[in-house]
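**Student:** Please read through the structure below; I'll follow up with questions.
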Amino acid sequence: MKVILMQDVESLGLEGDIVDVARGYARNYLVPEGISIEASNGNLKTLEARKEKIMAKRMKDKEAAERVREKISQVTVTIKGKAGGEGKLYGSVTSRDIAQKLENEDIIVDRKKIIIDEPIRTIGEFDVGIKLYPEVVAQIKVFVEKMQEEKVTE
């Protein structure tokens, strides 16, 4: 079934795109949630009228993502965690941890957009991607350090 996307969908496409999806997916999820509309002749004519606004919005969103990428490229994230003798962390560094550290630097990023290839479970330096827009991916350096243990004196 052909539908017109009314908003960006990660796995399908961008707003205004005409995509072919399974009939059940369209009728049970996309259309009722307002994510898409059926690609009828009337809706296609409406889409053509809105095409300029959609393209202007895409350009504006992409430019905003480029500005955020520039800001992110100047930041490094340092996360301290409890670690054992061989430098292995008790747990792992998550996208939530990275998002919180970026928020402390006044950079708001959805944690779902942070791409960690494999779990960070050791001390060291890691490159992490952040997908800001379909064609805009920022790279950030994440430094994981061992948390200093406080000794209790009596």
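**Student:** Would you mind finding the one in 72, 140 that is at pLDDT 90 or above, β-branched (Val, Ile, Thr) and not in a loop (DSSP other than H, G, I, E, B)? Let's see the steps before the verdict.
**Tutor:** Numbers: 72 fails: at pLDDT 90 or above.
Of 72, 140, the one residue that is at pLDDT 90 or above, β-branched (Val, Ile, Thr) and not in a loop (DSSP other than H, G, I, E, B) is 140.
**Student:** Kindly indicate which of 121, 58 is at negative phi, surrounded by 15 or more Cβ atoms within 10 Å (Cβ to Cβ) and in the same structural domain as residue 12 (by TED's automatic domain parsing).
**Tutor:** On the way: 121 fails: in the same structural domain as residue 12 (by TED's automatic domain parsing).
Answer to the selection: 58.
**Student:** Across region 30-55, what is the number of residues that are outside any helix (DSSP H, G or I) and exposed (fewer than 14 other Cβ atoms within 10 Å of the Cβ)?
**Tutor:** So in region 30-55, the residues outside any helix (DSSP H, G or I) come out as 31-40.
Filter again for exposed (fewer than 14 other Cβ atoms within 10 Å of the Cβ), leaving 32-34, 40.
Adding up the residues that qualify gives 4.
**Student:** Kindly provide the set of residues from region 78-87 that are touching a residue at least 24 places away in the same chain (Cβ under 8 Å) and either exposed (fewer than 12 other Cβ atoms within 10 Å of the Cβ) or hydroxyl-bearing (Ser, Thr, Tyr) (or both), ordered by number. Walk me through how you get there before you give the answer.
**Tutor:** Let us first name the residues in region 78-87 that are touching a residue at least 24 places away in the same chain (Cβ under 8 Å), namely 78-83, 87.
Selection gives 78, 82.
**Student:** Taking only pairs six or more apart or across chains, which ones have beta-carbon atoms under 7 Å, a first residue in region 27-41 that is under 15 Å from residue 13 (Cβ atoms), and a second residue that is outside any loop (DSSP other than H, G, I, E, B) and among the hydroxyl-bearing types (Ser, Thr, Tyr)?
**Tutor:** Pairs found: 30/36.
**Student:** Please state which one of 65, 99 is within 23 Å of residue 8 (Cα to Cα), without any contact (Cβ under 8 Å) to a residue 40 or more places away in the chain and outside any loop (DSSP other than H, G, I, E, B).
**Tutor:** Working: 65 fails: without any contact (Cβ under 8 Å) to a residue 40 or more places away in the chain.
Sole residue among the options that is within 23 Å of residue 8 (Cα to Cα), without any contact (Cβ under 8 Å) to a residue 40 or more places away in the chain and outside any loop (DSSP other than H, G, I, E, B): 99.
**Student:** Given the residues 27, 23, which is the only one that is among the charged types (D, E, K, R) and either surrounded by 12 or more Cβ atoms within 10 Å (Cβ to Cβ) or under 23 Å from the mean Cα position of the chain (by Cα) (or both)?
**Tutor:** Numbers: 23 fails: either surrounded by 12 or more Cβ atoms within 10 Å (Cβ to Cβ) or under 23 Å from the mean Cα position of the chain (by Cα) (or both).
From the options 27, 23, the qualifying one is 27.
**Student:** Sort out which residues of region 110-137 are aliphatic (A, V, I, L, M) and either in a strand (DSSP E or B) or out of contact with any helix residue (DSSP H, G or I) (no Cβ under 9 Å at 6 or more places or on another chain) (or both), and write them in order of number.
**Tutor:** Filtering region 110-137 down to residues aliphatic (A, V, I, L, M) leaves 114-116, 120, 123, 128, 130, 132, 136-137.
Correct list: 114, 115, 120, 123, 128, 130, 132, 136, 137.
The values are calculated or read from the model by the stated rules, or taken from the named source; none is laboratory data. Remember, it's a predicted structure, so these values are computed and weren't measured experimentally. We place every Cβ from the backbone using ideal geometry, glycine too, and count neighbours over all the protein chains shown.
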